[in-house]
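The values are calculated or read from the model by the stated rules, or taken from the named source; none is laboratory data. Nothing here was measured: the structure is a model prediction, and the numbers come from that model. Every residue, glycine as well, gets a Cβ built from its backbone with ideal geometry; the counts of neighbours run over all protein chains shown.
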Amino acid sequence: MSLGKRTLLAFVMSVFLLTSGVGLAATMKSVQIKEGALRSTPSFMGKIIAKVFYGDRVEEMASKNGWAKVMPAGKTQPGWIHDSALTHKKIVLTAGKGDVDQAATGDEIALAGKGFNDQVENAFKEKNPKMDFKMIDQMENMVVSDSRMRQFLQAGQVHPGGGSQ
């Protein structure tokens, strides 16, 4: 084999090894919402197969139309979760950890729960003493079952996630 062919072969092999190695690195993410549902398909209509919680680490295996197929740490079955529920930041909940500087801020934690924490709520109440929080408290305590949500979406012919049902 000539020197030119060997050089070309070495170049092609190097490119192949470099590009195939990129896919081997796992993309680790953290759950940034209080509680998330892992679904069987990339759709809000997909069957819930497991739950993940704030701070849980997951390995992203694939993505599709704003959804991520993930494998939660310590689990054996992957599921789909909406990208908005995930962050690249490593969330640390235990004080004193060496990587605590990467942890979420108090405001991020409050937003992750889709509501106020006590400190933020009390500060808001001080600034707005005449505000009535009864309706907000009722909304925070509302729970809509998966079957009820499915009925509502089907009645309105809504197909979240753009996937087939």
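Being modelled with pLDDT under 75, in contact with an Asp or Glu (Cβ under 8 Å, 6 or more places away or on another chain) and hydrophobic (A, V, I, L, M, F, W, C) is the filter here; which residues of region 86-136 pass it? Answer for region 86-136, where residues must be modelled with pLDDT under 75, in contact with an Asp or Glu (Cβ under 8 Å, 6 or more places away or on another chain) and hydrophobic (A, V, I, L, M, F, W, C): VAL92, VAL120. Would you confirm whether or not region 62-69 contains a residue that is surrounded by 14 or more Cβ atoms within 10 Å (Cβ to Cβ), modelled with pLDDT of 95 or more, of a type outside the set (Gly, Ala, Ser) and more than 9 Å from the chain's Cα centre (by Cα)? Yes.
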